[in-house]
Each structure stands twice: as C-alpha cells, then as structure tokens.
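The values are calculated or read from the model by the stated rules, or taken from the named source; none is laboratory data. Computed from a predicted model, the values in this text were never measured in an experiment. Every residue, glycine among them, receives a Cβ derived from its backbone with ideal geometry; neighbour counts consider all protein chains shown. For accessibility, only protein heavy atoms count, side chains too; no ligands or nucleic acids. Shrake-Rupley method; radii C 1.70, N 1.55, O 1.52, S 1.80 Å.
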Amino acid sequence: MHESQVKIYTEDLNLFYGDNHAIKNIDIQVQENKVTALIGPSGCGKSTFLKTLNRMNDLIPYVKITGEVYLDNLNSYNDYDIVELRKRIGMVFQKPNPFPMSIYDNIAYGPRTHGIKDKAVLDEIVEKSLQSAALWVEVKDRLKQNAFGLSGGQQQRLCIARVLAVEPEVVLMDEPTSALDPLATLKIEDLVQVLKNNYTIIIVTHNMQQAGRISDHTAFFLNGEIVEYGATEEIFTVPRDKRTEDYITGRFG
Ligand SMILES: Nc1ncnc2c1ncn2[C@@H]1O[C@H](COP(=O)(O)OP(=O)(O)OP(=O)(O)O)[C@@H](O)[C@H]1O
Ligand SMILES: [Mg+2]
C-alpha cells in the first residue's frame, strides 16, 4: 500500500478477558487522513481492538493487555494522560447515544468540560461541528430541543458532531450505520469521505460493500488475529489469504 504518515501503530498487542485471548499479536500501522476498515466475523475482536486504541477496556479488572499502542509515536498507555488521549481519539458507537439534553448542549458538553465557557465561542463550535457532521441545516432552528426528538440517522450525525466538537485527530467508529436505513447510511458514508481530509478514521463494518466504498485500507480479523491488511482494492479483488477470500465472498461469517 502507498504509505502516508503513520498515525497509530501497535506492536505485538494482545488482550485477554480473563482466559479469553481476544486480541492476538496485532501489529498494524494506521495511516493518517485515511479510512481504515476493520472487517471479520462476529466475535473476532474488532470492537475490542478498537477500544484498545482509546483505552476503553484497560480499566476492566479482569482485562490484561500486553504489547504497545502508539499515537503519533508516543505510547498511548504510558505517555498520555487518559483525558488527553480521549480528546485526541473520539469514538462513535453502533447505537446513537445522544445525552438526554438539548441538541446544543450535546455538542457543547465536551468543550465545556474542557473549560470553554464563553457563549459566543460555544455557539461557534456548535455551528461548526454540526456543519461538519452535515446536520446543521436540519437542526439550526431547533437547537434547544431535546436530542431524542431527532431521527436515528440524525442522532448518529449528532454523535459524530459531538465527537468533532472537541477537535479530535482520530475518529473510531464501531458499526456506525448498522442501526440506520439506507439513506441515512449513505449520508454517513458521504460524511466519512469528507471527514478523512481532516481526521484519521477507523471504522468497523459488517457491510462488505460499505468497506469497499469508503475505506482506503482494510484489515481482516479472524479469531483475534489480523489475517490480512492492505489496500482495500487489493483485499477485495486479489486477497492473498484463502480465509480472506472465503469471508469476503460470503463463504463464512
Ligand atoms: N467486556 C467483555 N468482557 C468479556 N469478554 C468480552 C467483552 N467484550 C468482548 N468480549 C469477548 O471478546 C471476544 C471479541 O469480542 P468483540 O466484541 O471484540 O468482537 P467483534 O468482532 O466486535 O464482534 P461483533 O462483530 O459481534 O461486534 C468475544 O469472544 C467476546 O465474547
Ligand atoms: Mg463489535
């Protein structure tokens, strides 16, 4: 694959949930300002891997992690304060999870916790984030209304806007369109294409067409390992490993 800057990389990364060895010897280099898709059958460790990148599972008592994760060449577990790391790496989940508050306050929440109080500054952040998430036009006249009044697809874009509001560098997306209808899905896919100009995006998807449409690189996970990682075009047209081929042609998973 053609290399740009490496934004995140791992070295011999392993994760155990008790005796369950969920992530095995992962060495991956994620390129900056690209979309990297993680594919593979249910239970193969995609979400677990994603969560190791912003340290969402190392505080679970029965979790053991070995190996290293680097963000911008600094060790994510040793060199970063967790608040700083989470500011740099935002996450969007499978089910839209807006906070039970207004559209405006959902977006302003993160910046406020980082100390921004000035109303004019917050107004600007709210507008800019909603613009970036392609939601502004639909909600600009109802910013004070509760976020639960939005449709599922709008809620997911709101969650993306909420992530963008704290100006992350990396956005992790765990099956962000699996709860959405085809039109809302297309909107998110278009959005991902625009966002990659400014962010590094890692997206888990079960939808092969989606991975093909939106990602530059694809990693195929199986039983906690990365079987194959490379340019999406190549993974989908000339996979090197028989197991990758079987998976993408729908023979298992
Ligand atoms: N919090 C947890 N505690 C214990 N085991 C877990 C936990 N989360 C995941 N696991 C186990 O780790 C393995 C990997 O799960 P993970 O959720 O990462 O898979 P996945 O590839 O994201 O699957 P799916 O496509 O169904 O979302 C599975 O065996 C799962 O049961
Ligand atoms: Mg998952």
What number goes with the only condition from (1) surrounded by 13 or more Cβ atoms within 10 Å (Cβ to Cβ); (2) within 18 Å of the chain's Cα centre (by Cα); (3) within 16 Å of ligand 1 (Cβ to nearest atom) that residue 9 does not pass?
(3)
Scope segment 217-240; condition hydrophobic (A, V, I, L, M, F, W, C), open to solvent by 20 Å² or more (accessible area, probe 1.4 Å) and within 18 Å of the chain's Cα centre (by Cα); matching residues:
226
For segment 12-44, name all the residues that are open to solvent by 10 Å² or more (accessible area, probe 1.4 Å), part of a loop (DSSP other than H, G, I, E, B) and near ligand 1 (Cβ under 8 Å from one of its atoms).
18, 41, 42, 43
Residues (touching a Phe, Trp or Tyr at 6+ places or on another chain (Cβ under 6 Å) and under 19 Å from residue 205 (Cβ atoms)) located in segment 125-176
171, 174
Restrict the check to segment 206-217 and report whether at least one residue is assigned to a strand (DSSP E or B) and touching a residue at least 24 places away in the same chain (Cβ under 8 Å).
yes
Any residue at all in segment 64-79 that is within 16 Å of ligand 1 (Cβ to nearest atom) and closer than 21 Å to residue 176 by Cβ?
no
Looking only at helices (runs of 4 or more DSSP H) that fall completely inside segment 83-157, which ones have 1 or more residues that are more than 16 Å from ligand 2 (Cβ to nearest atom), open to solvent by less than 40 Å² (accessible area, probe 1.4 Å) and touching a Ser or Thr at 6+ places or on another chain (Cβ under 7 Å)?
103-113
For the structure I just gave you, tell me whether residue 246 is open to solvent by 30 Å² or more (accessible area, probe 1.4 Å) and outside any strand (DSSP E or B).
no
Scanning segment 202-216 residue by residue, the ones that are away from ligand 2 (no atom under 16 Å from the Cβ) and surrounded by 23 or more Cβ atoms within 10 Å (Cβ to Cβ) total 1
Away from ligand 2 (no atom under 16 Å from the Cβ) and open to solvent by less than 10 Å² (accessible area, probe 1.4 Å), is that true of residue 185?
no
Contact list, first residue from segment 1-22 and more than 20 Å from residue 85 (Cβ to Cβ), second anywhere and among the basic types (Lys, Arg) and modelled with pLDDT of 95 or more, beta-carbon distance below 9 Å, six or more apart or interchain, is 4/34; 16/64; 17/64; 18/64
